[in-house]
Each structure stands twice: as C-alpha cells, then as structure tokens.
Amino acid sequence: MARTRVATRGPRAWLLLLLLAWLPGPAQAAAPRIGVMTMQPGEAFFERFGHDAILVADAGTGTATSYNFGYFDPSEPDFLGRFVRGEMMYYLVALPMAEDLGQYRDAGRGVRVQWLDLEPARARALADALAERARPENARYRYDYFTANCATQVRDALDDALDGGLKAQLSGRSRGNTFRSESVRLARPAAWMWLGFDLGLGPYADRRLSRWDEAFVPMRLADSLREAHTPDGRPLVLAEEELLPHRIAPEPSERPRRAWPWLLAGLAAAAALLAARRRTRLLGGIALPFWLLCGTGGTLLVFLWGFTAHQAAWANRNLWLLDPLCLLLLPGAVALLRGRMPGGFFRLALWAVAALAALGWILQWLSQAPQYNLPWIALLLPVHAALALALGRRPRTRRDPVAAP
C-alpha cells in the first residue's frame, strides 16, 4: 500500500494532520448499522415459532438489506423425501428490507429491530461475512429444527462477530426451558401441532436448555440480546424500534403442565370400559379406532427413530404406550364387532400391550435421562389395563349336563 507523506513543519501542518485523521477517508468509510429483526408468530403452522433476520443498513447509500436464513426451494429434487427424512436444505437470501417486510405486513405480524452497538470494525466484518455467505455457492445449510434454523444462524453470525463473546455470556445460564416445553407452548393454538410435538419428541427434547440453546426461538434470542454486552462491557443493544405493529393473536404465554387432569381422564375412561365389559360389541367398537391410532402412531415413531435424521425423535418412550403391537389386535376387534370372541393369540397380544405400557411407566422412573411423558402415561396406561382386564380373560365354557345312569 502506498503511503502519502504529510509535511509537519509549523502549527498549520499539525492542524491539517489532525483534520485528515478525523475526516473519514476511503479506508475509513462509515460503518454500517447492524440490527436484528424479530418477527412475531403468525397464524399458519409454519409461522408459529416466529422468525428473524439480520439487517445491515449502509450509512453511505442509506440502503437496508435483510439477510434472511429462512428460505428453501420446494422444487429441488426429492424435496418431500428430504423433508420426511430430516435432510432439508435451507439457504440465506439477501433482499431489500422493504421487500422482506411486505409478507409480514400482509399477515399482520409484528416486527421489531434491535440496533446493535458494534465497533465499526466488527460491523464491517459482519456485513462482509453476510454478503459472502449470501453468495449462491455459500448460501445453503443443513436445516435442523432445534439446532440449525433461522434463529440459530443469526445467533451464530453475531457470536462470530463478537469472537465468541455471545456464547460465553449465554451458555452458563438457563431458565429451565426445554425443546419440548417451547415447542408445545408455541404450537398450542394448533391442537394437532402440539399433539404431534408432544407425542413425537423423545428424551433429547427434555434436557434443560441454556440461554444459548433456547435461542432457537427468535423471541428468546431477542430477550437474551437485551441482556448481552459487548467485549468492553457496553450493552449490546443500543436501541429498539418497532417496524410493524402486531395485529393478530400474541405469542402464547407459558403455562405449567400438570398430569392430574390427564390421570382423571384416563381413570374415567378405564372405569367406563370396565363397566361395559359384558357388552363385547361396544368394546370392540371403542377398541378398534383406539388400537388403530396407537398402532399407527407407534409405527410412525419407529420410522422416525430408525429411518430418519430427526434426532429429537429418537428413543421415544411413548412407544411403550403407542405400541405397534396394537395392530395385531385389530382382527380381534373386528371379531368382537361381529359378536365372536377372539382366540388365544388375541388375549396374549392384549396382555402384552398392557404389560409393556406398565413396564414403560416403571422404566421411566428408573431412567437417568427421563422423558416428560407422564401425562400420556396417566391417560393411556389405565385404558390399556382396562381393555386387558375386560377382554383378556379366557371365556367360560358351559358344561353339558350329564344324564344319571
């Protein structure tokens, strides 16, 4: 690099030198402003967890670019198969802020930006890294719902800009949240969605998360940024600004999960089944859809564990309750509907299903890495036990009277 010599003789020369040092030159252009945009949850199922992006505002041109990590291409080969197997590829897109905000404005979703107090060199480095990352050959990344999503990509980019300082501040702290608790909470407005999360997640989803890990939720990341500091001790968030008002239902609040309502429902269902034990056709009509749901659900859990990359679904203890063996009971249920008693194999399978459900409850208490499925145990174990007691006994045979000699 060529250097320019400046004469330093006399007071005027010193004033000129100070002025040149103060004025921004080509190598000292004003640093961009860096912000984190947080989008509130929407009403569609894929919008329930909110969203975020990094905003880079160029001080020279006044343009604002949104770096959004939430894009995927449904037209790419084997997209549906990759989705099912947990091998989806997402990518980063750089687009004008106004264009990015348009879809959230139309959906009524609120958006806030947190302007960060980064040193000029760090702000420039982050902006350059994002521009390089957004190039087509660098933009794609392997998506994971909990560990590599739009929020964790933003978190990691900020951590790199702070030389690991953000992770150091958040890793040692926890609010006791888990992947399961956050997923069920945010999916609550859609019953099918929270049921799917709660039944489909295994023990991996029940470990206590650090503030760093819980930042997979954009709103949790925004909360943590408010408490974070720069390497020299200043608050990381310099200011916050509302870009769009939130015009739909707010983010679901936290609620304690209690098992006793589920236990009452399970005991009531078991009592009703035992009361109807002599009405075998009625029991068959009730048991048929119940066993079909349990068997189909268990088969799906086996598939998620053995044949996909969805780590959060592996070793799911709900398999003790949603037992694929229930599919073997379906012919017996059909026989009951026709007024016939099933054979010995049916009774053996029925008691096996009930015994495995009870064994799952016992092993849950002995496990070093328990899964929070106590509500499902309280609901389904009494039903399995009641069906076994009502239908698993050997039918009595009438003895023909013997004529007196």
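Peptides 306-315, 246-255 ranked from most to least packed, by the mean per-residue count of other Cβ atoms within 10 Å: 306-315, 246-255. Within the stretch 222-297, the ratio Rg/Rh, alpha carbon atoms throughout and Rh by Kirkwood, equals 1.40. The label point for residue 356 and the one for residue 299, both projected 7 Å from the Cα toward the Cβ, are 1.4 nm apart. An ellipsoid equivalent to the stretch 185-335, defined through the eigenvalues of its Cα gyration tensor, has semi-axes of 44, 19, 14 Å when rounded to whole angstrom and sorted largest first. Computed from the C-beta positions of residue 83 and residue 173, the FRET efficiency with R₀ = 45 Å rounds to 0.85. Comparing 63, 147, 178 in a Gaussian network model of the chain where C-alpha atoms under 10 Å apart are linked, the largest mean-square fluctuation is found at 63.
Counting only Cα atoms, the size of the chain along its three principal axes is 145, 41, 39 Å, in decreasing order.
Among 81, 284, 266, the residue with the largest mean-square fluctuation in a Gaussian network model of the chain, with springs joining Cα atoms closer than 10 Å, is 81. Can you tell me what percent of all Cα-Cα pairs in the stretch 259-405 are more than 26 Å apart? Everything past 26 Å amounts to 31 percent.
Rounded to the nearest 20 Debye, what is the dipole magnitude of the chain about its Cα centre when Lys and Arg each give +1 and Asp and Glu each give -1 at the C-beta? Dipole of the chain, to the nearest 20 debye: 2160 debye. With all pairs of separate Cα atoms included, the stretch 184-249 yields a Kirkwood hydrodynamic radius of 14.9 Å. A simple spin-label model places the labels of residue 274 and residue 63 7.4 nm from each other, with each point 7 Å out along Cα-to-Cβ.
Within the listed set 320, 351, 365, the residue fluctuating most in the Gaussian network model of the chain (springs between alpha-carbon atoms under 10 angstrom) is 365. Think of it as helices only: each DSSP H run of n ≥ 4 in the chain is worth -39500 (n - 2.57), and spread over all residues that comes to -14500 deg cm²/dmol at 222 nm. Across the stretch 125-177 the C-alpha pair distances fall into 10 Å bins from zero in the proportions 21, 47, 25, 6 percent. Helix screen, the chain: DSSP H segments with Cα axial length of 27 Å or more and mean Kyte-Doolittle hydropathy at least 0.0 are 280-307, 344-366.
The stretch 325-363 and the stretch 267-292 have Cα centres separated by 12 Å. Placing a label point 7 Å from the Cα of residue 247 along the Cα-to-Cβ direction, the residues of the stretch 104-121 whose backbone N falls under 14 Å of that point are 104-111. Put a dot 7 Å past the Cα of residue 131, heading toward its Cβ, do the same for residue 226, and the two dots end up 3.3 nm apart.
Since every read-out is calculated from the coordinates, none of them should be taken as a lab result. These numbers were taken from a predicted model, which means no experiment stands behind them. Here Cβ is always computed from backbone atoms with ideal geometry, including for glycine, and neighbour counts include all displayed protein chains.
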